[in-house]
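Here the structure comes first, spelled out in structure tokens, and everything after it is commentary.
The values are calculated or read from the model by the stated rules, or taken from the named source; none is laboratory data. Remember, predicted model here, so these are calculated numbers, not experimental data. Quick reminder, even Gly has a Cβ in these numbers, built from the backbone with ideal geometry, and neighbours come from all protein chains shown.
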Amino acid sequence: MPSLKTLKRICITPHVSGVGGMVSFQGKLLSGLAGQGVEVTSNLSDEPIDAVLVIGGTRNLLALRRLARRGVPIVQRLDGINWLHRRLRTGYRHWLRAEIGNWLLAYIRERIAARIIYQSKFVEDWWERVYGPGPDYKQVIHNGVDKNIFRPDVTNNPPNDRISILMVEGNLRGGHELGIESAVALTEGLQTGRNKVELVVAGQIDAELAKKWTHKANIEISWSGVIPHEQLPKLYGGTHLLFSGDLNAACPNSVIEAMACGLPVLAFNTGALSELVSEKAGRVVSYGGDPWKLDRPNIPGLVEGAKEILNNQASFRSGARSCAEEKFGLDGMVDAYLEVLGG
């Protein structure tokens with residue numbers, strides 16, 4: 001393995017675009033690497049290459065194996081395993097893409113990668129439970145955030161005339177739209193005759209589904225669509241809490257970004273949420289059933305958790321920022337990745 005001193009040029013593959021967690025992560029990592037003088041390519045044939053970071057999987061297995069045979073370190077960063085398509089009818093094409101994706105991830109992990117980076121302890125346990133032990137060298141590295149960009153802004157505060165609940169998901173499709181139902185039920189549970197409660201949903205969603213929930217829900221829903229990255233701090237700062245609705249999430253960027261902006265987080269205790277959100281930064285409540293079977297969630301518990309956050313805004317907002325400062329700095333994440341790539 002090259003040392004940190006000789007790690008000058010790495011390949012991060014595949015190059016991702018659009019919306020979603022991988023896109024957000026790649027942008028942050030590239031920014032951090034540039035700040036440390038590390039050159040990056042996304043082409044496995046664009047040599048010289050000191051190390052390769054595979055974000056999930058790639059179809060270019062021949063080039064990956066060629067570099068591995070030549071002694072170039074192959075590091076794989078793993079998200080969760082595709083699973084919702086096995087519980088819901090998401091369409092044949094989506095089912096096929098999800099299964100091919102799982103096969104590629106597992107093949108690279110078992111046959112090619114020398115080192116594995118798991119996004120969370122939850123993800124590590126999940127992969128080892130389903131596919132068995134992978135490479136001996138493994139490390140959990142949570143996502144990080146630029147705390148100079150994502151920070152509380154005293155000029156941008158939540159509204160005084162209503163309670164604003166925020167939900168941010170990169171892609172509300174392929175089963176990930178399930179969180180909308182819980183978000184709507186939560187918001188309706190907070191609605192009383194004395195206060196107005198709104199739900200703000202940011203992310204890519206089918207127009208017909210948005211229209212359906214607009215007519216079905218008994219609360220006001222604002223569909224914000226895909227928000228440019230530079231506008232996210234303002235979005236986080238202008239609401240009272242973030243509801244993270246993705247079940248069994250690996251390490252949601254929105255949760256870390258929200259806390260860095262001083263926005264408390266509310267979520268069910270599934271996936272990696274209990275690893276990320278401390279008691280001072282929000283509330284992670286019992287799901288109330290088996291999330292893997294998509295049992296009905298514990299909405300009353302979610303409402304009570306929200307009330308606790310809303311009744312102690314100053315404390316939770318301060319605690320959310322403190323949690324992000326202690327655990328999720330971008331520099332620390334980049335340093336950890338460089339250590340794995342070049343150590």
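For segment 160-215, give me each residue that is assigned to a helix (DSSP H, G or I), without any contact (Cβ under 8 Å) to a residue 12 or more places away in the chain and more than 20 Å from the chain's Cα centre (by Cα).
Initially, segment 160-215 is screened for residues assigned to a helix (DSSP H, G or I), giving 178-190, 207-215.
Applying the additional criterion that residues be without any contact (Cβ under 8 Å) to a residue 12 or more places away in the chain yields 181, 207-208, 211-212, 214-215.
207, 208, 211, 212, 214, 215, listed by residue number.
Could you tell me whether segment 140-154 includes any residue that is surrounded by 21 or more Cβ atoms within 10 Å (Cβ to Cβ) and in contact with a strand residue (DSSP E or B) (Cβ under 8 Å, 6 or more places away or on another chain)? Outline the logic, then answer.
In the first step, residues of segment 140-154 are kept if they are surrounded by 21 or more Cβ atoms within 10 Å (Cβ to Cβ); the result is 143-145, 150.
Subset that is in contact with a strand residue (DSSP E or B) (Cβ under 8 Å, 6 or more places away or on another chain): 144-145.
So far as segment 140-154 goes, yes, one or more of its residues are surrounded by 21 or more Cβ atoms within 10 Å (Cβ to Cβ) and in contact with a strand residue (DSSP E or B) (Cβ under 8 Å, 6 or more places away or on another chain).
Condition (residue is surrounded by 14 or more Cβ atoms within 10 Å (Cβ to Cβ) and under 22 Å from residue 149 (Cα atoms)) applied to segment 217-224: is it met by at least one residue?
Kept after step one, since they are surrounded by 14 or more Cβ atoms within 10 Å (Cβ to Cβ), are these residues of segment 217-224: 217, 219-221, 223-224.
Next, from what is left, pick out any that are under 22 Å from residue 149 (Cα atoms): 224.
Yes; the residues of segment 217-224 include at least one that is surrounded by 14 or more Cβ atoms within 10 Å (Cβ to Cβ) and under 22 Å from residue 149 (Cα atoms).
Are any of the residues in segment 262-274 of a type in the set (Ser, Thr, Tyr) and in contact (Cβ under 8 Å) with a residue 24 or more places away in the chain? Break it down into steps so the answer makes sense when it comes.
Of all residues in segment 262-274, those of a type in the set (Ser, Thr, Tyr) come to 270, 274.
Checking the rest, the ones that are also in contact (Cβ under 8 Å) with a residue 24 or more places away in the chain come to none.
Checked against the condition, which is being of a type in the set (Ser, Thr, Tyr) and in contact (Cβ under 8 Å) with a residue 24 or more places away in the chain, segment 262-274 yields no hits at all.
Any residue at all in segment 33-43 that is of a type outside the set (A, V, I, L, M), in the same structural domain as residue 138 (by TED's automatic domain parsing) and touching a helix residue (DSSP H, G or I) at 6+ places or on another chain (Cβ under 6 Å)?
Filtering segment 33-43 down to residues of a type outside the set (A, V, I, L, M) leaves 35-37, 39, 41-43.
Adding the requirement that they be in the same structural domain as residue 138 (by TED's automatic domain parsing) leaves 35-37, 39, 41-43.
Filter again for touching a helix residue (DSSP H, G or I) at 6+ places or on another chain (Cβ under 6 Å), leaving none.
No: segment 33-43 contains no residue that is of a type outside the set (A, V, I, L, M), in the same structural domain as residue 138 (by TED's automatic domain parsing) and touching a helix residue (DSSP H, G or I) at 6+ places or on another chain (Cβ under 6 Å).
Does residue 134 meet the test of being buried (at least 16 other Cβ atoms within 10 Å of the Cβ), modelled with pLDDT under 90 and either aromatic (Phe, Trp, Tyr) or over 15 Å from the mean Cα position of the chain (by Cα) (or both)? Lay out the reasoning, then the answer.
Details: buried (at least 16 other Cβ atoms within 10 Å of the Cβ): yes; modelled with pLDDT under 90: no; either aromatic (Phe, Trp, Tyr) or over 15 Å from the mean Cα position of the chain (by Cα) (or both): yes.
The answer is no for residue 134.
Please specify each residue of segment 74-121 satisfying the condition of being of a type in the set (A, V, I, L, M, F, W, C) and in a loop (DSSP other than H, G, I, E, B).
Keep residues of segment 74-121 that are of a type in the set (A, V, I, L, M, F, W, C), which gives 74-75, 78, 81, 83-84, 88, 95-96, 98, 100, 103-106, 108, 112-114, 116-117.
Listed by number, the residues that qualify are 81, 83, 88, 113, 114.
I'm trying to understand the selection: among the residues of segment 189-217, which are among the charged types (D, E, K, R) and at pLDDT below 95? Explain how you work it out, then say what you get.
Filtering segment 189-217 down to residues among the charged types (D, E, K, R) leaves 194, 196, 198, 206, 208, 211-212, 216.
Scanning segment 189-217 gives 194, 196, 206, 208, 211, 212, 216.
Conditions first: (1) within 23 Å of residue 336 (Cβ to Cβ); (2) touching a residue at least 12 places away in the same chain (Cβ under 8 Å); (3) out of contact with any Phe, Trp or Tyr (no Cβ under 9 Å at 6 or more places or on another chain); (4) not small (Gly, Ala, Ser). Residue 84 passes all but one, so which condition is the exception?
In the conditions (1) within 23 Å of residue 336 (Cβ to Cβ); (2) touching a residue at least 12 places away in the same chain (Cβ under 8 Å); (3) out of contact with any Phe, Trp or Tyr (no Cβ under 9 Å at 6 or more places or on another chain); (4) not small (Gly, Ala, Ser), residue 84 misses (1) alone.
So residue 259 passes all but one of these: (1) in contact (Cβ under 8 Å) with a residue 40 or more places away in the chain; (2) more than 16 Å from residue 158 (Cα to Cα). Which condition number does it fail?
(2)
Of the numbered conditions (1) modelled with pLDDT of 90 or more; (2) surrounded by 16 or more Cβ atoms within 10 Å (Cβ to Cβ), residue 21 satisfies every one except a single condition; which is it?
It is condition (1) that residue 21 fails.
Only one of 124, 99, 47, 128 is over 28 Å from residue 176 (Cα atoms) and without any contact (Cβ under 8 Å) to a residue 60 or more places away in the chain. Can you tell me which?
Selected residue: 47, the only one of 124, 99, 47, 128 that is over 28 Å from residue 176 (Cα atoms) and without any contact (Cβ under 8 Å) to a residue 60 or more places away in the chain.
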